[in-house]
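Chemist: Quick one: the structure is below, and I'll ask about it shortly.
Bear in mind that the values in this text are calculations on the coordinates, not laboratory data. Everything quoted here is computed from the prediction, not taken from an experiment. With ideal geometry, Cβ positions are generated from the backbone for all residues, glycine too; neighbour counts draw on all protein chains shown.
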Amino acid sequence: MYITENDKVAIRKIIEKQINAFQRDDAVEAFAIASEAIQEQFGTPDNFMTMVKESYPAVYRPRSVMFRGFTTIDYYPAQIVVLMDERGELVQAVYIMKQQKDYSWRIHGCFLVSIDEKIV
């Protein structure tokens with residue numbers, strides 16, 4: 001899937017918005033940025049926030065965030081972000097993005113990989 005420079009900027013803003021929502025414990029805003037499939041999977045903002053706190057601490061409370069390049073995962077664009085967790089350890093977060101009918105972007109998934117792992 002081809003994405004424009006404007007899309008890349010919009011995707012970065014969405015990811016930043018969700019990370020900022022996590023830092024404020026704003027479950028409603030963080031959940032609203034997730035794709036419909038993710039919303040259906042977790043049902044409520046609180047369920048979603050609980051999952052992020054327990055399974056993605058580096059996403060929930062990063063000490064540092066660095067945006068890297070893009071790749072494609074199952075035909076979806078994916079933004080690679082390096083996060084530093086509270087202990088100072090680095091991890092790569094791969095944010096899979098889904099474009100909506102109105103051409104806006106939502107986060108369709110996120111997975112963490114070792115900083116040394118090459119992503120597609």
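Chemist: Could you list TYR75, TYR56, TYR95, TYR103 so that the one with the fewest beta carbons within 10 Å of its beta carbon is first and the one with the most is last?
Modeler: On the way: TYR75 6, TYR56 19, TYR95 26, TYR103 9.
Starting with the residue having the fewest Cβ neighbours, the order is TYR75, TYR103, TYR56, TYR95.
Chemist: 222 nm [θ] for the chain, helices only, -39500 (n - 2.57) per DSSP H run of 4+, per residue, to 500? Numbers along the way, then the final one.
Modeler: Working: 5 runs with 47 residues, N = 120.
Dividing the helical sum by the residues of the chain leaves -11000 deg cm²/dmol.
Chemist: Right, here's the next one. Which shape class applies to the chain: rounded if a/c is under 1.5, otherwise prolate when a/b exceeds b/c and oblate if not, where a ≥ b ≥ c are the square roots of the Cα gyration tensor eigenvalues? Can you show the working numbers first?
Modeler: Details: a/c = 1.61, a/b = 1.05, b/c = 1.53.
Oblate, since a/c reaches 1.5 and b/c is not below a/b.
Chemist: Under a straight-distance cross-link criterion of Cα-Cα below 22 Å, which lysines are reachable from LYS118, leaving out those fewer than 8 residues away in the same chain?
Modeler: Correct list for LYS118: LYS8.
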